[in-house]
Amino acid sequence: MRKAWIVGTAVVGGSLAFVMLLVVGVYLVAGNLVNGVRGGSKALAKGSVPAAYQPLVQRYGNMCPAINPALLAAQLYQESGFNPNAKSPAAAQGIAQFIPGTWATHGVDGDGDGDRDVWDPQDAIPSAAKYDCTLAEYVKDVPGDPTKNMLAAYNAGAYAVIKYRGVPPYKETQNYVRTITTLEESFAAPTTRLDPSKQAAGAIHYAQKKLGTPYLWGGNGTPEQGGRFDCSGLTKAAYESVGIELPRVANDQYNAGPHPSRDELLPGDLVFFSPDPTNSRAIDHVGIYVGGGYMIDAPYTGAVIRFDPIDTRKYFGATRVTEDGAKALPSAV
């Protein structure tokens, strides 16, 4: 879904042949880049954390060796979607979703104003980092990856990690560790070449078959909707056709994988647009990159699915969708 916005109409001759060449090209590029190297630092990706919280996450994400800014950002996103007013049915509160008992013990006065307010990110974000580091200290003598042990302690308790000498054999805990460490890659700025998505060609192929279909706000392409889509409905359906389940809305789809720079885009990457270049939560449009500076997208009411240029003033960034990245996304934030 997206807010109404207008971009220039792109007229691309020979569109079907153009896209089919790109589909083939995805596989050729994939073959050339399959041995690309991953890795690098954990600096935050552009706009992945709302600007109001980015300095806090960057600062306190370096509080101890077991955490980093991207990991802390992944936890906050998983817990609340960066919503400082979030409240769960279990009475977890605030941007970091502390339950009252844990907050009473581990909450800190991060901004030095004389109180510890679970609803204030200036207190809650430093408290989340402090709590992570406290747990890491509890399990510091346990063999294995200290970050994974810390995350396991966060989910199952430090005693369980000590008892099992590592991540305990609890499905929920193992899934939590896997989820946060996978989401971490979505919040980290890549420093090396990213591997292409193997499903990219199929997603493009699906989208190009929908060219000319009228836009429908909230459209998921169902028969009842006449097979019509909005922007994120189209991208969701395109990747669903190749076995990857994306969230419904564009700003959550942004977190489905790492973020290539503009000059590293490959066909099949999702490209995003926002009125706020500092906040991925403000993203209001998404399309599927097809190469040559163009995307396939469902633009707005009254338009049809078509090719549009990506280089507009609202261009925010891109995501190379991965299966693990999509699976790690929370169903609701």
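The values are calculated or read from the model by the stated rules, or taken from the named source; none is laboratory data. Everything numeric in this text was worked out from a predicted model, so none of it was measured. Here Cβ is always computed from backbone atoms with ideal geometry, including for glycine, and neighbour counts include all displayed protein chains. In case anyone asks, the SASA skips ligands and DNA or RNA and just uses the protein heavy atoms, side chains included. Shrake-Rupley method; radii C 1.70, N 1.55, O 1.52, S 1.80 Å.
Taking the range 228-246 only, how many residues are assigned to a loop (DSSP other than H, G, I, E, B) and either open to solvent by 20 Å² or more (accessible area, probe 1.4 Å) or β-branched (Val, Ile, Thr) (or both)?
The qualifying residues number 6.
For the range 292-333, which fully contained strands (runs of 3 or more DSSP E) count at least 3 residues that are under 28 Å from Thr182 (Cβ atoms) and out of contact with any Leu (no Cβ under 8 Å at 6 or more places or on another chain)?
315-319
Can you pull out every residue in the range 216-227 that is open to solvent by 50 Å² or more (accessible area, probe 1.4 Å) and either in a loop (DSSP other than H, G, I, E, B) or under 10 Å from Asp297 (Cα atoms) (or both)?
Trp217, Gly226
Any chance the range 296-304 includes a residue that's more than 26 Å from Ile95 (Cα to Cα), out of contact with any Gly (no Cβ under 9 Å at 6 or more places or on another chain) and of a type in the set (A, V, I, L, M, F, W, C)?
Yes, there is a match, as at least one residue in the range 296-304 is more than 26 Å from Ile95 (Cα to Cα), out of contact with any Gly (no Cβ under 9 Å at 6 or more places or on another chain) and of a type in the set (A, V, I, L, M, F, W, C).
Restricting the search to the range 158-176, which residues are within 21 Å of Pro65 (Cβ to Cβ) and in a loop (DSSP other than H, G, I, E, B)?
Scanning the range 158-176 gives Arg165, Gly166, Val167.
Identify, please: which residue in the range 46-75 is touching a Phe, Trp or Tyr at 6+ places or on another chain (Cβ under 6 Å) and of a type outside the set (S, T, N, Q) and is, among those, farthest from Val139 (Cα to Cα)?
If we take residues in the range 46-75 being touching a Phe, Trp or Tyr at 6+ places or on another chain (Cβ under 6 Å) and of a type outside the set (S, T, N, Q), then Pro50 is farthest from Val139 (Cα to Cα).
Among the residues of the range 174-185, is any open to solvent by less than 20 Å² (accessible area, probe 1.4 Å) and over 21 Å from the mean Cα position of the chain (by Cα)?
no
Across the range 93-132, what is the number of residues that are in contact with a helix residue (DSSP H, G or I) (Cβ under 8 Å, 6 or more places away or on another chain) and touching a residue at least 40 places away in the same chain (Cβ under 8 Å)?
Of the residues in the range 93-132, 10 are in contact with a helix residue (DSSP H, G or I) (Cβ under 8 Å, 6 or more places away or on another chain) and touching a residue at least 40 places away in the same chain (Cβ under 8 Å).
For the range 187-215, enumerate the residues that are without any contact (Cβ under 8 Å) to a residue 60 or more places away in the chain and either on the phi > 0 side of the Ramachandran plot or part of a loop (DSSP other than H, G, I, E, B) (or both).
Listed by number, the list holds a single entry, Lys209.
Within the range 43-117, considering only helices (runs of 4 or more DSSP H) that don't extend past its boundaries, which have at least 3 residues that are of a type in the set (Lys, Arg)?
The helices (runs of 4 or more DSSP H) meeting that bar number zero.
Which condition number does Gly257 fail, the rest of (1) part of a helix (DSSP H, G or I); (2) crowded, with 24+ Cβ neighbours inside 10 Å being met?
Only one criterion in (1) part of a helix (DSSP H, G or I); (2) crowded, with 24+ Cβ neighbours inside 10 Å is unmet by Gly257, namely (1).
Would you be able to say whether some residue in the range 63-79 is open to solvent by 40 Å² or more (accessible area, probe 1.4 Å) and touching a strand residue (DSSP E or B) at 6+ places or on another chain (Cβ under 7 Å)?
Within the range 63-79 (the criterion being open to solvent by 40 Å² or more (accessible area, probe 1.4 Å) and touching a strand residue (DSSP E or B) at 6+ places or on another chain (Cβ under 7 Å)), the answer is no, since none of the residues qualifies.
Among residues belonging to the range 80-116 that are on the phi > 0 side of the Ramachandran plot and over 22 Å from the mean Cα position of the chain (by Cα), point out the one that is surrounded by the fewest Cβ atoms within 10 Å (Cβ to Cβ).
Step by step, filter the range 80-116, then rank; the result is Gly114.
Looking at the range 186-199, which of its residues are closer than 18 Å to Val57 by Cα and surrounded by 22 or more Cβ atoms within 10 Å (Cβ to Cβ)?
Answer for the range 186-199, where residues must be closer than 18 Å to Val57 by Cα and surrounded by 22 or more Cβ atoms within 10 Å (Cβ to Cβ): Ser186, Phe187, Ala188.
Restricting attention to the range 128-172, which residues are aromatic (Phe, Trp, Tyr) and either closer than 27 Å to Val108 by Cα or open to solvent by less than 60 Å² (accessible area, probe 1.4 Å) (or both)?
Hits for the range 128-172 are Tyr131, Tyr138, Tyr154, Tyr159.
Would you point out which residue out of Ala298, Ala250, Ala303 is touching a strand residue (DSSP E or B) at 6+ places or on another chain (Cβ under 7 Å), under 20 Å from Ile204 (Cα atoms) and surrounded by fewer than 18 Cβ atoms within 10 Å (Cβ to Cβ)?
Step by step, each of Ala298, Ala250, Ala303 is checked, and only Ala303 is touching a strand residue (DSSP E or B) at 6+ places or on another chain (Cβ under 7 Å), under 20 Å from Ile204 (Cα atoms) and surrounded by fewer than 18 Cβ atoms within 10 Å (Cβ to Cβ).
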